[in-house]
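Here is the structure we will look at.
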Amino acid sequence: METSSRVLTVLAALEELGDEDLQAVSARALGLLLDRPVDPDIIPLLAVEVVGREESRMLAIYRALAPLARRRLRSHVWHLDARARGGLVPAGLISRRAREPDKRGRNP
């Protein structure tokens, strides 16, 4: 059987499957793709990171945020991470208000 006709046969069979069966086929196909060796000199076209249910929810919430809210959240997380590591936060991550002295002459 010719490759293109094999693909057409498989695609036609996929049309008949229900949601659970399609998810099983999808998982199997991804597993086969991930199991294949990749030439180290090329950038792979498929990258998959497996995350837990809670991480998945947090990622979905993050993706739903407006761009400005994403930037603020990233800045806040980087700041907390730098503080936890005892390092300094890059200047671009500190708000202008935090860098400027208080009008009463105090630094924040």
TODO: Identify all residues within the range 1-43 that are at pLDDT below 80 and assigned to a loop (DSSP other than H, G, I, E, B); write none if there are none.
DONE: Met1, Glu2, Arg36, Pro37, Val38, Asp39, Pro40, Asp41, Ile42, Ile43
TODO: Answer yes or no: is there a residue in the range 65-80 that is at pLDDT below 90, out of contact with any Cys (no Cβ under 6 Å at 6 or more places or on another chain), of a type in the set (A, V, I, L, M) and part of a loop (DSSP other than H, G, I, E, B).
DONE: no
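The values are calculated or read from the model by the stated rules, or taken from the named source; none is laboratory data. Source: prediction; values computed, not measured. Cβ sites come from the backbone with ideal geometry, for glycine too, and all protein chains shown count toward neighbours.
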